[in-house]
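Okay, structure first, notes after.
The values are calculated or read from the model by the stated rules, or taken from the named source; none is laboratory data. Note that this is a predicted model, so its numbers are computed, not measured. Cβ: placed from backbone, ideal geometry, glycine included. Neighbour counts: every protein chain shown. Ligands, DNA and RNA are excluded from the accessible area calculation, which covers all protein heavy atoms including side chains. Shrake-Rupley method; radii C 1.70, N 1.55, O 1.52, S 1.80 Å.
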Amino acid sequence: RPLLSSLHNTAFAADETAMSARQLNMEVCSGDGEWVIAQAQSTPDIDWVAIELRVDRAYSILARSVFAAVTNVSILCGDALDILGHYVASANVQACCINHPQPPEWSGALKGAE
């Protein structure tokens with residue numbers, strides 16, 4: 001699958017003429033991509049979309065997919081709310097797996113919490 005370099009003014013089509021005959025599954029908050037790459041490897045007949053907010057993690061998913069020679073994963077980097085709300089037609093996705101990550105950590109986050 002080609003890399004999706006730009007989604008601006010583009011939406012995944014919901015009509016049957018533009019949809020692939022293959023099943024499309026999605027993982028939201030994919031992290032470094034261990035799970036989605038493992039799923040893609042074990043189900044080569046299913047297309048997967050990994051959505052990740054952080055660029056470094058999206059790059060890690062890309063690197064994992066290249067080194068694993070996985071061709072059925074597309075990577076979308078950005079806020080899942082924006083991507084799902086504006087660019088993905090719900091009729092296209094057969095399964096959506098949501099990874100609940102740990103809350104982000106930042107310097108001084110616990111100061112004054114006691």
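General remarks:
- Residue match in the range 35-44 (condition: closer than 17 Å to residue 77 by Cα, at pLDDT 95 or above and open to solvent by less than 50 Å² (accessible area, probe 1.4 Å)): yes
- When restricted to residues that are under 23 Å from residue 43 (Cα atoms) and open to solvent by 70 Å² or more (accessible area, probe 1.4 Å), the range 67-82 contains 3.
- If you go through the range 59-74 and keep only what is among the aliphatic types (A, V, I, L, M) and either part of a loop (DSSP other than H, G, I, E, B) or touching a Ser or Thr at 6+ places or on another chain (Cβ under 8 Å) (or both), you end up with 61, 68, 69, 70, 73.
- Within the range 75-98, the residues that satisfy the criterion of being in a helix (DSSP H, G or I) and either over 14 Å from the mean Cα position of the chain (by Cα) or farther than 13 Å from residue 31 by Cα (or both) are 81, 82, 83, 84, 85, 86, 90, 91, 92.
- Residues in the range 18-34 that are farther than 12 Å from residue 72 by Cβ and either open to solvent by 70 Å² or more (accessible area, probe 1.4 Å) or touching a Gly at 6+ places or on another chain (Cβ under 9 Å) (or both): 21, 27, 34.
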